[in-house]
1. Could you tell me which of rounded, prolate or oblate describes the chain, using a ≥ b ≥ c as the square roots of the eigenvalues of the alpha-carbon gyration tensor, with rounded for a/c under 1.5 and, failing that, prolate when a/b is larger than b/c and oblate otherwise?
2. Among the listed pairs 132/205; 97/205; 133/192; 124/182; 44/192; 34/133, give every one whose C-alpha distance is greater than 30 Å.
3. Using modelled amide H (1.01 Å from N, peptide plane; none on Pro or chain starts), what sits under 5 Å from the amide H of residue 71, excluding residues fewer than 5 places away?
4. With a ≥ b ≥ c taken as the square roots of the eigenvalues of the C-alpha gyration tensor of region 99-220, please select rounded if a/c is under 1.5 and otherwise prolate if a/b is larger than b/c or oblate if it is not?
5. Run the accessible area of the chain with a 1.4 Å probe and give the carbon-and-sulfur part as a rounded percent.
6. Jot down the radius of gyration and Dmax of region 66-150, Cα atoms only, both in angstrom.
7. Could you let me know the centre-to-centre spacing of region 131-194 and region 81-120, using Cα atoms, in angstrom?
8. With a 10 Å radius around each residue's Cβ, average the other Cβ atoms per peptide and rank 58-66, 25-33, 116-124, highest first.
Amino acid sequence: MKQIINCILFLILSTLSFNTANAQPFIQDITAFKTQDSIHFPPKHAILFVGSSSFTKWVDVQNYFPGYTIINRGFGGSSLPDVIRYADDIIFPYQPKQIVIYCGENDFAASDTVSVNTVYNRFKELFFLIRKKIPGIPIDYISMKPSPSRENLMDKFEQANKLIRNFLKGKNHTAFLDVYHKMLNTNGTPIKDIFIDDNLHMNAKGYHIWQKIIKPYLLR
């Protein structure tokens, strides 16, 4: 009888866990961040990198920026609404002195119906959310990158990048970091040897391109 009860409880808990994961996308990633923080909470006033998998896979990002304290809170597959949804978990608790954002690619990849203006407005929502909570904090946005596996979306990336760049021009303590054009061949196609086999995520050569563009904007 005890074994039967335990099996029933296990099934109930598994169902609840499954439903929670479905109701809250990326909750496992967020829970992992919280667990990590409970063991060793990052120092305040660090530089926060937040966004999608191009940050997630930059596991050695700290090595690229010696002398700076970097908190990496990229979670793979996320779009701008996901970063907005979890801002209270992955942005504000750290009291960062600067925020570097890479997100937007997955918004377009999720559906053909997502427009350039939709992504632009999502970015503005995230921007104003951050600035309301932490007035005046420096916010840097890394442009959506061109990838061989997403060449069909490059036109949308360029249009959204342009809108975000022009928006940030009118805001204090912001920067638009253009990695897009540094990742192209002279014929306008993505440089393939800076990507891993999935033709979406970068290898060390790709991240070194990012390093050179990002580093001048990081605050000491």
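1. Prolate, because a/c is 1.5 or more and a/b exceeds b/c.
2. Flagged as over cut-off: 132/205; 133/192; 44/192.
3. So residue 71 has HN proximity to 47, 48, 49.
4. Values: a/c = 2.10, a/b = 1.32, b/c = 1.59.
In terms of gyration-tensor shape, oblate.
5. In the chain, the share of accessible area belonging to carbon and sulfur is 55 percent.
6. In Å, with Rg to one decimal and Dmax whole: 13.5, 43.
7. 13 Å
8. Final packing ranking: 116-124, 25-33, 58-66.
The values are calculated or read from the model by the stated rules, or taken from the named source; none is laboratory data. Remember, predicted model here, so these are calculated numbers, not experimental data. Every residue, glycine among them, receives a Cβ derived from its backbone with ideal geometry; neighbour counts consider all protein chains shown. Just so you know, the surface numbers come from the protein's heavy atoms only, side chains and all, with ligands and any DNA or RNA stripped out. Shrake-Rupley method; radii C 1.70, N 1.55, O 1.52, S 1.80 Å.
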